1. Sort through 188, 113 and tell me the only one that's in contact (Cβ under 8 Å) with a residue 60 or more places away in the chain, under 14 Å from the mean Cα position of the chain (by Cα) and under 27 Å from residue 33 (Cα atoms).
2. With respect to residue 118, determine if the residue is part of a loop (DSSP other than H, G, I, E, B) and in contact with a strand residue (DSSP E or B) (Cβ under 6 Å, 6 or more places away or on another chain).
3. How many of the residues making up segment 51-64 are assigned to a loop (DSSP other than H, G, I, E, B), surrounded by 15 or more Cβ atoms within 10 Å (Cβ to Cβ) and at pLDDT 95 or above?
4. For segment 118-128, enumerate the residues that are touching a residue at least 40 places away in the same chain (Cβ under 8 Å) and surrounded by fewer than 24 Cβ atoms within 10 Å (Cβ to Cβ).
5. Just one of 74, 79 is farther than 25 Å from residue 226 by Cα, in contact with a strand residue (DSSP E or B) (Cβ under 9 Å, 6 or more places away or on another chain) and either buried (at least 22 other Cβ atoms within 10 Å of the Cβ) or at pLDDT 95 or above (or both); which is it?
6. Pick out the one residue from 43, 35 that is in a strand (DSSP E or B), under 25 Å from residue 114 (Cβ atoms) and at pLDDT 95 or above.
């Protein structure tokens, strides 16, 4: 793919953080953008700040915790633009709570947002992409999808599940012209820790220091766009924390010692 000009790109979690930055980067390349998140007012703000014309946007608000109408949303996009070139499953919610204290209601809610929403939306766009013989699904996972970590049991599990599902899907659809990009951000300066869900279903309401001093959402979005244009299958985005992914793979015992040094207790 040479550029994103006139590509129809659907971005979830578009009202803040990496999603908002992706809207701006795609707008710079003259893309047609569908913005989705819960808060319509914030989506309209992002669209306005990105200087998107009415002909090149569709604001499509919904809650990722309920994607039962995914087929209807896809049809809305097709009715307006005639195609969907790229789906970026970006929206999600992190976690800050011990596994033993996390209610099953919270467990299921986090899986709906972080796993099932991506599956449902992807399955909704697949028929149109297969019909056109082209299309790309981008999945924003996390380095938490590569290893478990304190207070992240359900979040990490959902991100691990994304890799199993979408790596399998890639193999099934690549001969029909479709591709899948897995993105694993490390520490990115967003409000993900502030909005993280606690064990009782409440909100963490605290910015982790590691996120405060991390890579900007804009730089992260630029690297994601580069991964899309270069037809990558998986990219890791972040700073020195990404090294731990390689350490886990090649030096598992050393990884175990390092990760335990990060104990919050």
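1. 188
2. Here the answer is no, as residue 118 does not meet what is asked.
3. Final tally of qualifying residues: 4.
4. The answer is 119, 120, 122, 123, 124, 126, 128.
5. When all the criteria are applied, what remains is 74.
6. 35
Here's the yes/no breakdown for (1) part of a loop (DSSP other than H, G, I, E, B); (2) touching a strand residue (DSSP E or B) at 6+ places or on another chain (Cβ under 9 Å); (3) closer than 16 Å to residue 149 by Cβ:
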| residue | (1), (2), (3) |
| --- | --- |
| 201 | yes, no, no |
| 211 | no, yes, yes |
| 218 | no, no, no |
| 224 | no, yes, no |
| 228 | no, yes, no |
| 244 | no, no, yes |
| 253 | no, no, no |
| 259 | no, no, yes |
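The values are calculated or read from the model by the stated rules, or taken from the named source; none is laboratory data. These figures come from a predicted structure and were not determined experimentally. Cβ sites come from the backbone with ideal geometry, for glycine too, and all protein chains shown count toward neighbours.
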